[in-house]
Amino acid sequence: MSRSGRLTLLALMFAVVAVVELRLTWSTIVFVARPETVHYRLPISDSLVVNTASFGGLLRGDHVVAVDGVAVQSRWQVHQQVIRRPVGEPVPVTVERGGVRFVVEAPTKSWPMGMAERAFTLVQNVVTPWVAILLGFFVVWRRPLDRMAWVVLLIMLGQMNYSYLFFTDAWGAGMAGLLRLTYQIWQRLGDVAWLWFGFDFCAGRRLWPWLRWPLSITILAQGVQT
């Protein structure tokens with residue numbers, strides 16, 4: 001690919017990454033500004049299975065089928081029903097346990113966060129991702145024909161911290177799921193980039209250079225399984 005073609009690809013990648021990260025940055029700022037108004041999410045996975053030992057009447061392995069009498073099919077729908085209740089007021093949750101359905105009371109509580117936690121959240125979820133993004137794209141912008149520059153970009157994108165993915169519940173189930181998918185992609189590509197970086201800057205470039213391919217495929221395959 002020519003220099004202009006690579007720069008065009010770089011611009012498109014930056015536009016997509018920047019738009020998503022700007023939305024995440026805004027969500028983080030809103031969360032940090034008023035954490036007391038944000039409901040603590042029910043501890044469930046994307047498949048609506050409780051993933052903590054206990055939470056009020058919920059037990060690990062319970063499958064959530066309805067919240068406050070309304071059938072749910074996604075974490076986003078669960079959260080939308082939970083936030084209808086004032087913080088501190090229990091919410092009835094219908095779960096399936098051992099093939100039997102019954103209603104349990106799940107507590108609602110605000111997200112606990114002091115000043116130190118707020119500062120850490122801003123550094124971890126706003127400053128760090130933007131430094132990684134800008135550094136990675138700057139390196140490729142200066143050296144678009146250098147393969148190692150693209151490797152550095154993938155490493156930087158893999159370092160973006162998406163530990164706050166629960167913010168995206170309010171985006172809707174489709175967008176939240178898409179973000180989680182891109183997060184997995186960046187993580188796996190970042191792992192492969194670290195591997196290539198190591199091969200190109202150590203004896204691996206001269207010794208068994210073919211080994212990078214089966215290792216890369218193995219890393220990507222593990223990402224698909226998770």
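What follows is calculated from the coordinates using simple rules that are stated; it is not laboratory data. Note that the structure is predicted; figures quoted are calculated from it, not measured. Counting neighbours? That spans all protein chains shown, and the Cβs are built from the backbone with ideal geometry, glycine included.
Structure summary
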read-out: Relative contact order %, the range 1-145, counting alpha carbon pairs below 8 Å whose residues are six or more apart; value: 26 percent
read-out: Enclosed volume per residue, in Å³, of the convex hull spanned by Cα atoms of the range 35-139; value: 131 Å³
read-out: Förster radius 35 Å - calculated FRET efficiency between Val103 and Leu178 (Cβ-Cβ, nearest 0.05); value: 0.60
read-out: Positive minus negative residues near Leu134 (Lys, Arg vs Asp, Glu; Cβ under 14 Å); value: 0
read-out: Å³ per residue enclosed by the Cα convex hull of the range 79-156; value: 182 Å³
